[in-house]
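Reading through the structure tokens given below for one structure.
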Number of protein chains: 2
Amino acid sequence: MDIVTFPTNADLRLPRYQLIRDDIVRRIADGQWAPEQAIPTEADLCQAYEVSIGTLRKAIDLLVADGVLTRTQGKGTFVRRPRFDSSLFRFFRFKSADGKSVQPTGKVLGRTVLKPSEAIRAALQMKSSEKCIRLSRVRLIDSEPVLREEIWLARHRFEALTTLPLDEFGDLMYPLYERTCRQIVASATETLTVEQATEEDAAALRVDLGSAVIQVQRIAADFAGTPIEWRTTRGAAAGFQYQVDIR
Amino acid sequence: MDIVTFPTNADLRLPRYQLIRDDIVRRIADGQWAPEQAIPTEADLCQAYEVSIGTLRKAIDLLVADGVLTRTQGKGTFVRRPRFDSSLFRFFRFKSADGKSVQPTGKVLGRTVLKPSEAIRAALQMKSSEKCIRLSRVRLIDSEPVLREEIWLARHRFEALTTLPLDEFGDLMYPLYERTCRQIVASATETLTVEQATEEDAAALRVDLGSAVIQVQRIAADFAGTPIEWRTTRGAAAGFQYQVDIR
DNA sequence: CAGTGGTCTAGACCACATC
DNA sequence: ATGTGGTCTAGACCACTGT
């Protein structure tokens with residue numbers, strides 16, 4: 001690796017390990033270092049950044065703690081591919097008819113291109129002239145619908161999804177985003193609330209009208225922290241459980 | 001500080017920073033180093049543990065990340081007093097009549113000494129012959145009940161609470177535990193579920209029978225990780241919101 | 001001013017993975 | 001055997017806090 005000069009907009013009064021941390025994140029967000037690939041060795045990075053091993057390791061420690069990198073002794077340091085498309089299973093415990101826990105399948109029911117509400121436009125940091133792709137989707141276990149989802153994407157990032165046939169979307173959205181649109185989801189913020197089942201919920205999820213439903217609203221972002229997906233998921237509260245550790 | 005010899009049950013093959021981390025936790029759990037007090041300086045600890053500054057700092061970094069210690073440049077390193085008696089407000093957004101968010105008061109309604117269920121006995125790691133103190137409690141805002149709580153404590157740890165008048169328990173339990181029984185809560189695990197309001201819920205919380213209620217079950221532990229309190233809290237789901245960041 | 005934690009160096013040796 | 005990350009050393013100087 002060549003010697004690195006930090007961007008002129010970086011605050012050079014910051015500790016060097018911070019500057020290095022930010023530079024590594026930038027390279028990953030840029031796609032210079034891709035998920036599941038190894039980044040240069042510690043020795044190379046020390047030379048490139050002109051710091052000692054201790055300082056470099058402090059920067060990498062931060063990124064490992066953030067879940068951006070993983071290290072394996074003897075092998076190298078790798079960009080971690082975030083795999084939380086199935087993270088809703090932190091909230092909902094799903095079991096198939098035979099009692100085993102399983103990953104649901106996904107099915108896109110509808111797609112529209114339209115102007116987003118002001119809330120969604122702001123959440124996705126879009127200009128007011130831009131349009132969204134809206135997808136409605138169900139998740140199924142043993143062909144039984146268990147979750148209803150509404151997904152909003154900025155059209156300019158996901159142009160390819162405006163024409164893809166609905167039956168080619170597959171079960172997982174995030175690998176699709178990466179494959180077809182080069183958009184990699186790296187983090188998300190989720191907000192849980194309890195709602196009452198609407199008529200649509202009752203029909204789709206086969207629960208009683210007005211019964212308790214958990215709603216998970218998610219805003220997913222790329223490595224640079226730019227929001228790329230707005231999603232709402234609703235499921236019967238009966239299957240809900242969530243555990244937190246606090247210190 | 002004198003030179004430290006590690007306990008014979010410690011696995012000396014572990015990295016030194018791990019051994020040091022565990023020894024510091026033990027001293028805090030023992031009460032040798034109390035909350036809000038400074039621990040010895042880095043230089044002293046290096047001498048005592050016979051390691052270099054880098055190794056010692058790695059141990060302390062772990063404890064800072066765990067929320068056990070806090071460091072202040074120029075002042076020292078301090079044992080952090082965990083303050084999450086009010087952590088339920090991560091889940092429930094409470095507002096008083098005038099719209100300001102506020103801390104509820106607490107009122108203990110009843111106290112019983114009895115044998116715990118097998119689940120609670122196991123959760124509190126108690127012998128089968130031991131008894132529990134069971135408290136029932138409500139949390140109020142503007143004198144309106146908003147949360148119902150059931151608390152189970154091992155009697156042998158909390159003997160003083162068997163005789164304390166109920167109106168002297170105060171609004172917060174954890175400072176009470178520390179003051180009267182020298183039990184310090186340092187961490188907890190909480191599990192959220194959605195239930196239907198029972199008749200007791202409906203009467204106490206003024207919600208409709210069968211309406212959605214959030215239940216938070218908490219097991220609180222001391223610095224050594226020993227469970228000391230089992231608690232269930234129930235409140236109307238209408239005021240519930242929870243946010244998580246995932247990476 | 002003295003004492004504290006914050007940053008950083010320039011190495012060393014070890015354990016593990018791969019060839 | 002070679003290359004990787006994991007652990008550890010024995011210092012240095014800086015920034016901040018208090019007297």
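Here are the numbers for this structure:
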{"item": "Selected residue (criterion: surrounded by the fewest Cβ atoms within 10 Å (Cβ to Cβ)) from residues of the range A:185-212 that are at the interface with chain B (Cβ under 9 Å from one of its Cβ atoms) and touching a Lys or Arg at 6+ places or on another chain (Cβ under 6 Å)", "result": "A:S187"}
{"item": "Matching residues in the range B:31-48 - criterion: being open to solvent by less than 60 Å² (accessible area, probe 1.4 Å), out of contact with any strand residue (DSSP E or B) (no Cβ under 7 Å at 6 or more places or on another chain) and under 26 Å from B:I228 (Cα atoms)", "result": "B:G31"}
{"item": "Any chance B:I141 is within 14 Å of chain A (Cβ to nearest Cβ) and either over 30 Å from A:F92 (Cβ atoms) or touching a Cys at 6+ places or on another chain (Cβ under 9 Å) (or both)", "result": "no"}
{"item": "Any hit, the range A:79-102, residues being within 16 Å of DNA strand D (Cβ to nearest atom), open to solvent by 20 Å² or more (accessible area, probe 1.4 Å) and closer than 30 Å to A:I141 by Cβ", "result": "yes"}
{"item": "Test set (1) more than 18 Å from B:Q103 (Cβ to Cβ); (2) away from chain A (no Cβ under 14 Å); (3) charged (D, E, K, R) - B:D171 fails condition number", "result": "(1)"}
{"item": "Test: residue in the range B:220-229 that is away from chain A (no Cβ under 14 Å) and hydroxyl-bearing (S, T, Y)", "result": "yes"}
{"item": "Failed item, numbered, when A:T5 is tested on (1) surrounded by fewer than 12 Cβ atoms within 10 Å (Cβ to Cβ); (2) among the hydroxyl-bearing types (S, T, Y); (3) in a helix (DSSP H, G or I)", "result": "(3)"}
{"item": "Residue match in the range A:34-49 (condition: in contact with a Phe, Trp or Tyr (Cβ under 7 Å, 6 or more places away or on another chain) and near DNA strand C (Cβ under 9 Å from one of its atoms))", "result": "no"}
{"item": "Candidates A:V51, A:V68, A:V108, A:V64 - the one that is in contact (Cβ under 8 Å) with a residue 40 or more places away in the chain, outside the structural domain of A:D222 (by the TED database) and surrounded by 12 or more Cβ atoms within 10 Å (Cβ to Cβ)", "result": "A:V68"}
{"item": "Residue selected from the range B:21-70 under the condition within 14 Å of DNA strand D (Cβ to nearest atom) and among the basic types (K, R), by the criterion farthest from the other protein chains (Cβ to nearest Cβ)", "result": "B:R21"}
{"item": "Pair list, Cβ under 7 Å, 6 or more apart: the range B:137-154 residue more than 18 Å from B:Y177 (Cα to Cα), other residue hydroxyl-bearing (S, T, Y)", "result": "B:L140/B:T105; B:I141/B:S96; B:D142/B:S96; B:L147/B:T233"}
{"item": "Looking only at the range A:8-30, and only at residues there that are assigned to a loop (DSSP other than H, G, I, E, B) and at pLDDT below 90, the one that is most open to solvent (accessible area, probe 1.4 Å)", "result": "A:R13"}
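The values are calculated or read from the model by the stated rules, or taken from the named source; none is laboratory data. Computed from a prediction, not measured in an experiment: that's the story for all the values here. All Cβ positions, glycine included, derive from the backbone under ideal geometry; neighbour counts span all protein chains shown. Each accessible area value is taken on the protein alone, full model and side chains, heavy atoms only, with ligands, DNA and RNA left out. Shrake-Rupley method; radii C 1.70, N 1.55, O 1.52, S 1.80 Å.
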